[in-house]
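The values are calculated or read from the model by the stated rules, or taken from the named source; none is laboratory data. What you see is a predicted model; the values in this text were computed from it and never measured. All Cβ positions, even for glycine, are placed from backbone atoms using ideal geometry, and neighbour counts span all protein chains on display. Side chains are part of the model used for accessible areas, which takes the heavy atoms of the whole protein and leaves out ligands, DNA and RNA. Shrake-Rupley method; radii C 1.70, N 1.55, O 1.52, S 1.80 Å.
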Amino acid sequence: TGVLAPTIGRDDRNGLDLRLPVYLNLAPNYDATISPHWYSKRGLMLEGEFRYLTKRSVGQFNGTYLPGDDLPVNGQDGRDRSNLSFRDRTTLSRHWFFSADLNNVSDKFYFSDFGDSIDYTSISLLGSTAGVYGRGRYWSASVSAESWQIASPLLADGSEPYRRLPRLQAWASKPIAPHVEAGLGFEAVRFTHDVLSGGNRVDIQPWLRFPFGGAAWYVTPQLGWRYTSYSSLDDRPDASASRSLPIASLDAGAFF
């Protein structure tokens, strides 16, 4: 535990910029860093980072909070500014784990106002995902949710991608004979949006694959069928649409 090296800078947007991080060695498997961050034109921002590691989980929480920005934000005075993120991966069993990557920003001017690098200031969309994922020798499956937030003043409100709340996916593939593999892909998802019409989609694709190859080459023909159905459309609740079609492909290559 102790005070880390401070940073100091200045720019025309924020004025004098002074940051003093304090590291807290709380335990062998978790720690924290508290960083008061003072902008002469905006006020005092508090930054924090908390990290943990257990037998089943590893994760990190980061957050910043500036109460009552002294500069107007999009014409509003005294606005609170913040940026929060949380990442976690937790093993549930031999085949299943939980994963989360959650992010939130107080307003779409945050990164352009406080960014100190091109990677930071060029963020336009902030994504958040969380779900339970499983995998085995011949299969994988997941139940997840995905959402987006506009994080740039260059993007208009309502231009973010659809949210997928929830999304179910499954995939299986297994050899059934020499040079023959059978498989099935499945997805069911609910699309939602604040501006655009949403709906449900189910996608199913069974297939047969015929892999041939040697040490320096491979040829894999594949035959499949794909069925996709849309239903419960927000603008036309009684409407539905579907497609059903065969698919043939050939994948080949050589190694030199």
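Miscellaneous remarks
- Some residue of segment 178-189 being open to solvent by less than 50 Å² (accessible area, probe 1.4 Å), of a type in the set (D, E) and either touching a residue at least 40 places away in the same chain (Cβ under 8 Å) or in contact with a Pro (Cβ under 7 Å, 6 or more places away or on another chain) (or both): yes
- Residue count for segment 182-218 under the criterion of being closer than 17 Å to D238 by Cα and either among the basic types (K, R) or touching a helix residue (DSSP H, G or I) at 6+ places or on another chain (Cβ under 8 Å) (or both): the result is 2.
- Residues that are loosely packed, with under 13 Cβ neighbours inside 10 Å and modelled with pLDDT of 95 or more do occur in segment 56-70, at least one of them.
- Checking V202, V132 one by one, the residue that is under 19 Å from the mean Cα position of the chain (by Cα), over 30 Å from N74 (Cα atoms) and open to solvent by less than 80 Å² (accessible area, probe 1.4 Å) is V132 and no other.
Okay, residues lined up against (1) over 25 Å from T129 (Cβ atoms); (2) under 30 Å from the mean Cα position of the chain (by Cα); (3) touching a residue at least 40 places away in the same chain (Cβ under 8 Å):
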| site | (1), (2), (3) |
| --- | --- |
| N29 | yes, yes, no |
| E47 | no, yes, no |
| P72 | yes, no, no |
| R81 | no, yes, no |
| R87 | no, yes, no |
| S93 | no, yes, no |
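- The residue pairs whose first member lies in segment 133-152 and is closer than 20 Å to F111 by Cβ, whose second member is part of a loop (DSSP other than H, G, I, E, B) and open to solvent by less than 40 Å² (accessible area, probe 1.4 Å), and whose beta carbons are closer than 7 Å, counting only pairs six or more residues apart or on different chains, are W148/E160; Q149/E160; I150/E160.
- Some residue of segment 233-253 being in a loop (DSSP other than H, G, I, E, B) and surrounded by 15 or more Cβ atoms within 10 Å (Cβ to Cβ): yes
- Of all residues in segment 217-254, those that are at pLDDT 95 or above, farther than 23 Å from Q169 by Cβ and out of contact with any Asp or Glu (no Cβ under 9 Å at 6 or more places or on another chain) total 6.
- Verdict on Y39 being open to solvent by 80 Å² or more (accessible area, probe 1.4 Å) and under 25 Å from N104 (Cα atoms): no
- Qualifying positions in segment 12-29 - in contact with an Asp or Glu (Cβ under 7 Å, 6 or more places away or on another chain) and polar (S, T, N, Q): N25
- Matching entry among S147, S99 (being open to solvent by less than 60 Å² (accessible area, probe 1.4 Å), touching a Lys or Arg at 6+ places or on another chain (Cβ under 9 Å), outside any helix (DSSP H, G or I) and under 30 Å from D77 (Cβ atoms)): S147
- Among the residues of segment 150-160, those identified as in contact with a strand residue (DSSP E or B) (Cβ under 7 Å, 6 or more places away or on another chain) and either modelled with pLDDT of 95 or more or open to solvent by less than 50 Å² (accessible area, probe 1.4 Å) (or both) are I150, A151, E160.
Okay, residues lined up against (1) part of a strand (DSSP E or B); (2) open to solvent by less than 60 Å² (accessible area, probe 1.4 Å):
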site	(1), (2)
S35	yes, yes
L44	yes, no
S82	yes, yes
S85	yes, yes
S112	no, yes
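- Only one entry in F256, F191, F186 is under 26 Å from the mean Cα position of the chain (by Cα) and either within 24 Å of S159 (Cα to Cα) or not in a strand (DSSP E or B) (or both), namely F191.
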